[in-house]
Amino acid sequence: MPVREYNSISPSVAERCYIDESSVLVGEITIGADSSVWPLVAARGDVNYIKVGARTNIQDGSVLHVTRKSSGNPDGNPLIIGDDVTIGHKCMLHGCTLGNRILVGMGAIVMDGAVVEDDVFIGAGTLVPPNKRLESGYLYVGNPMMKKRPLKESEQAFLKISADNYVRLKDEYLAQI
Ligand SMILES: CC(C)(COP(=O)(O)OP(=O)(O)OC[C@H]1O[C@@H](n2cnc3c(N)ncnc32)[C@H](O)[C@@H]1OP(=O)(O)O)[C@@H](O)C(=O)NCCC(=O)NCCS
């Protein structure tokens, strides 16, 4: 598996995860059961930790990093991602907190200290500035982001469907190893 130790801490990957050979996971990272990390993802848990929940997928080319502790920011900014989350292709997640059943659209950027509540849809290419809070049940789009509208029932349902689709896909990949 493409996991590397840093400061004597190695990534910890739960059962039934798919971690693509071309991804790089460094340092203090935990990944929950049935999650998947796709080609060319770079996740660096060096100056703080990264925690990814269960049944979450991190798609191709995404970058995950964190911010160190400092006198003005005693906890720094770890990166925390909940369960059943879809991180689309080429997203940048930096020192933020994501709840459960969230879709982060392709190419979105979520910056330090931002908090995304459960059941949020972030459109492709959205920029979430530092320390913003995204309210449960809404679609956000734009650069900088704007709260676009409440989620339709079908979109709300799709958040879990998307995560489930990726659990199935990673099972197919695991079966071919
Ligand atoms: C935002 C999104 C959910 C569509 O929402 P929607 O309300 O159905 O949007 P519509 O297609 O009806 O377009 C409504 C308006 O929003 C604009 N829009 C659509 N997607 C947008 C986006 N990501 N960012 C900014 N504006 C967007 C449209 O251009 C349109 O503008 P207009 O009214 O001026 O013509 C979708 O475009 C999106 O970004 N999905 C993310 C897909 C993804 O990345 N999946 C993960 C990879 S697997």
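Using the 10 angstrom Cβ neighbour count as an exposure proxy, how do Cys17, Cys96 rank, fewest first?
Ordered from fewest to most neighbouring Cβ atoms within 10 Å, Cys17, Cys96 come out as Cys17, Cys96.
Where does the chain land at 222 nm, in deg cm²/dmol rounded to the nearest 500, when only DSSP H runs of n ≥ 4 count, each adding -39500 (n - 2.57), divided by all residues?
Dividing the helical sum by the residues of the chain leaves -4500 deg cm²/dmol.
Tell me, what is the FRET efficiency for Arg68 and Glu153 to the nearest 0.05, using R0 = 45 angstrom and their Cβ-Cβ distance as r?
0.60
Taking 8 Å as the Cα distance limit and 6 or more residues as the minimum spacing, I'd like the relative contact order of the chain as a percentage.
14
Let me know the shape class of the chain, please: from the alpha-carbon gyration tensor, a ≥ b ≥ c as square roots of the eigenvalues, rounded when a/c is under 1.5, otherwise prolate if a/b is greater than b/c, or oblate.
Oblate, because a/c is 1.5 or more while a/b does not exceed b/c.
Considering only Ser36, Ser136, Ser71, give the residue with the highest GNM mean-square fluctuation for the chain, with springs between Cα atoms whenever their separation is below 10 Å.
Ser71
Explain nothing, just compute: Karplus ³J(HN,Hα) = 6.51 cos²θ - 1.76 cosθ + 1.60, θ = phi - 60°, for every residue of region 106-113 in order, whole Hz, x for Gly and Pro.
3, x, 6, 10, 10, 9, 3, x
Anything over 31 Å Cα to Cα? Flag those among Lys69/Lys152; Lys51/Lys170; Lys90/Lys147, in the order listed. Don't skip to the answer; put the middle values down first.
On the way: Lys69/Lys152 39 Å; Lys51/Lys170 19 Å; Lys90/Lys147 22 Å.
Listed pairs above 31 Å: Lys69/Lys152.
Most mobile of Gly88, Gly45, Gly72 per a Gaussian network model of the chain (Cα springs, under 10 Å)?
Gly72
Distance between Cα centroids, region 10-45 to region 54-81: provide it in whole Å.
One Cα centre to the other: 13 Å.
Counting other beta carbons within 10 Å of each Cβ, put Ser23, Ser35, Ser162 in order, fewest first.
Values: Ser23 22, Ser35 27, Ser162 18.
Least to most surrounded, the residues fall as Ser162, Ser23, Ser35.
What list do you get for Glu5, Glu28, Glu155 if you sort them by fewest beta carbons within 10 Å?
Neighbour counts put them in this order, fewest first: Glu5, Glu155, Glu28.
Every read-out reported here was derived from the displayed coordinates using simple, explicitly stated rules and does not represent laboratory data. Note that the structure is a prediction, hence the values are computed from the model and not measured. As a convention, Cβ positions derive from the backbone with ideal geometry for all residues, glycine included, and neighbour counts pool all protein chains shown.
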